[in-house]
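Trainee: One structure is given below, represented as structure tokens, and several questions about it will come after.
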Amino acid sequence: MRIYRVTVGVEGGPTRVLKVPSKTDVQAGDAAVTQMSEGESILSIAETDDPYQEVDAMPAGTQTHPDQIT
């Protein structure tokens, strides 16, 4: 599992960074969606080297098992 920094917010407006665990950047975006507010969108996704493994959301499931962490 890798840690990704997902920047969310309003284009040209306020932004914030969410740290989520994931196997891929696509799944990182899926995990971040659970923490986003109405009107926010994903602005960027980048893998990070986080020695403390502190995250803001649980990993996303898969398309076939959305309720399971795989």
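Trainee: Taking region 1-21, which residues are in contact with a strand residue (DSSP E or B) (Cβ under 8 Å, 6 or more places away or on another chain) and free of Cβ contacts under 8 Å to residues at least 12 places away in the same chain? Before you say what the answer is, go through the steps one by one.
Mentor: Of all residues in region 1-21, those in contact with a strand residue (DSSP E or B) (Cβ under 8 Å, 6 or more places away or on another chain) come to 1-11, 15-21.
R16 - this is the single residue of region 1-21 that is in contact with a strand residue (DSSP E or B) (Cβ under 8 Å, 6 or more places away or on another chain) and free of Cβ contacts under 8 Å to residues at least 12 places away in the same chain.
Trainee: Among what's in region 8-24 and is among the β-branched types (V, I, T) and surrounded by fewer than 15 Cβ atoms within 10 Å (Cβ to Cβ), pick the residue that is modelled with the highest pLDDT.
Mentor: Here is the first cut: in region 8-24, the residues among the β-branched types (V, I, T) are 8, 10, 15, 17, 20, 24.
Now restrict to residues that are surrounded by fewer than 15 Cβ atoms within 10 Å (Cβ to Cβ): 10, 15, 24.
Numbers: V10: 92, T15: 96, T24: 91.
Residue satisfying both the conditions and the ranking: T15.
Trainee: Which of the residues spanning region 28-58 are surrounded by 17 or more Cβ atoms within 10 Å (Cβ to Cβ) and modelled with pLDDT under 90?
Mentor: Within region 28-58, V55, A57 qualify.
The values are calculated or read from the model by the stated rules, or taken from the named source; none is laboratory data. Here the structure is a predicted model, which means the values were calculated and not measured. Glycine gets a Cβ as well: all are built from the backbone with ideal geometry, and neighbour counts include every protein chain shown.
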